Amino acid sequence: MSKTRIAAVQMVSGADIAQNLRDAERLVAEAAARGARLVALPEYFPLISGDETDKVRAREKEGEGPLQDFLRETALRHRVWLVGGSIPLEASVPGKVRNSCLVFDDAGRRVARYDKIHLFGFRQGTELYDESRTIEAGGEAAAFDTPVGRVGLSICYDLRFPELYRSMGPVDLLVVPAAFTHTTGQAHWELLLRARAVENLCYVLASAQGGTHPSGRRTWGDSMVVDPWGAVLERLAQGPGVVTAEIDAARIADLRASLPALEHRKL
């Protein structure tokens, strides 16, 4: 069979880590029940608060801690490949974290890690974001093999940098956990996701934070699956839930054969 079901989990996380983990587990269970083999959680699924230093206090050492235990155990319990959105891991700089996406296979083994490379900065009126204050940037792309094909990882603001995706080489699926702001998401989220799918002739799985959080922050949501021709297969505008669709290896091969843009690259 060339078709495999994948799923994106959408959440509206708050400052209560235990509650966020319960919500995430329930939604992963729903995705698995709908037949998904690979499930992606959103960026910072365990914690979004009004105090950006909360994630520094919640950071874990690589390979140990309750957040990593949750991802490992949830992947094993539901027999899915679980893309862990992102969690805060220790950085080399005091007072900062790595914004890290960890992937566990259906046996609970960690198979990949990606640390967000591009750190979001935005100022418009009273709306201000500067991730570099609390996050240390990563430096390496990450791609790996799964039962659904070769998968490339990115996080949120990375979506604006197409060279990251091209550096991974041809992949079958790009995963984009995110917490896009309402302002930037409304303008660019769908546009950028569809562009990344079309230019790489691959599927895109976007798992977002989507709603008004307890802190008052608004995230755009609109979790979706996009096919290699740029068509949105399924989406969820706002609120917690699950988006699923099938990734079709034969469709990727057919489109790359009919439009060999990846072979025509000059730079």
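The values are calculated or read from the model by the stated rules, or taken from the named source; none is laboratory data. It should be emphasised that the depicted structure is a prediction, and the values quoted were computed from it without experimental measurement. So basically every Cβ, Gly included, is an ideal-geometry build from the backbone, and we count neighbours across all protein chains shown.
In segment 41-72, which residues are of a type in the set (G, A, S) and over 18 Å from A107 (Cβ atoms)?
Result: S49, G50, A58, G65.
Restricting the search to segment 109-125, which residues are in a strand (DSSP E or B), basic (K, R) and over 15 Å from the mean Cα position of the chain (by Cα)?
R110, R123
When you look at P260, is it closer than 20 Å to V171 by Cβ, assigned to a loop (DSSP other than H, G, I, E, B) and not β-branched (V, I, T), yes or no?
Against the criterion (closer than 20 Å to V171 by Cβ, assigned to a loop (DSSP other than H, G, I, E, B) and not β-branched (V, I, T)), P260 qualifies.
If a residue counts only when it is in contact with a strand residue (DSSP E or B) (Cβ under 8 Å, 6 or more places away or on another chain) and in contact (Cβ under 8 Å) with a residue 12 or more places away in the chain, which helices (runs of 4 or more DSSP H) contained entirely in segment 1-89 have at least 3 such residues?
In segment 1-89, the matching helices (runs of 4 or more DSSP H) lie at 17-33, 66-78.
Tally up the residues in segment 78-105 that are surrounded by 18 or more Cβ atoms within 10 Å (Cβ to Cβ) and more than 20 Å from I155 (Cα to Cα), please.
Total meeting the criteria: 2.
Which condition number does N20 fail, the rest of (1) under 21 Å from H213 (Cβ atoms); (2) under 15 Å from the mean Cα position of the chain (by Cα) being met?
Every condition holds for N20 apart from (2).
Quick check: anything in segment 217-234 in contact with a Phe, Trp or Tyr (Cβ under 7 Å, 6 or more places away or on another chain), crowded, with 21+ Cβ neighbours inside 10 Å, at pLDDT 95 or above and on the phi > 0 side of the Ramachandran plot? Spell out how you get there, then give the answer.
As a first pass, look at segment 217-234 and keep what is in contact with a Phe, Trp or Tyr (Cβ under 7 Å, 6 or more places away or on another chain): 219-220, 222, 225-228.
Pick out the ones that are also crowded, with 21+ Cβ neighbours inside 10 Å and you get 219-220, 222, 225-228.
Now restrict to residues that are at pLDDT 95 or above: 219-220, 222, 225-228.
Filter once more, so that each one left must be on the phi > 0 side of the Ramachandran plot: 222.
Yes.
For segment 131-165, name all the residues that are part of a helix (DSSP H, G or I) and touching a residue at least 60 places away in the same chain (Cβ under 8 Å).
In the first step, residues of segment 131-165 are kept if they are part of a helix (DSSP H, G or I); the result is 131-133, 156-160, 162-165.
Matches in segment 131-165: R133, C156.
Across segment 85-125, which residue is modelled with the highest pLDDT among those that are among the polar types (S, T, N, Q) and farther than 27 Å from A7 by Cα?
S92
Restrict the check to segment 28-38 and report whether at least one residue is surrounded by fewer than 16 Cβ atoms within 10 Å (Cβ to Cβ) and on the phi < 0 side of the Ramachandran plot.
Yes: one or more hits.
Take E246 and tell me if it is of a type in the set (D, E) and free of Cβ contacts under 8 Å to residues at least 40 places away in the same chain.
Values: of a type in the set (D, E): yes; free of Cβ contacts under 8 Å to residues at least 40 places away in the same chain: no.
In short, no.
Name every residue in segment 195-243 that is among the β-branched types (V, I, T) and in contact (Cβ under 8 Å) with a residue 60 or more places away in the chain, in order of residue number.
Those that are among the β-branched types (V, I, T) and in contact (Cβ under 8 Å) with a residue 60 or more places away in the chain: T212, T219, V225, V242, V243.
Tell me which residues, restricted to segment 76-108, are more than 17 Å from the chain's Cα centre (by Cα) and of a type in the set (V, I, T).
V93, V97
What's the number of the condition L128 fails, among (1) assigned to a strand (DSSP E or B); (2) modelled with pLDDT of 95 or more?
Condition (2) is where L128 drops out.
Give E52, E73, E64 a once-over and let me know the one that is modelled with pLDDT under 95 and either hydrophobic (A, V, I, L, M, F, W, C) or over 18 Å from the mean Cα position of the chain (by Cα) (or both). So that I can check it myself, show each step before the final result.
On the way: E73 fails: modelled with pLDDT under 95; E64 fails: modelled with pLDDT under 95.
Answer to the check: E52.
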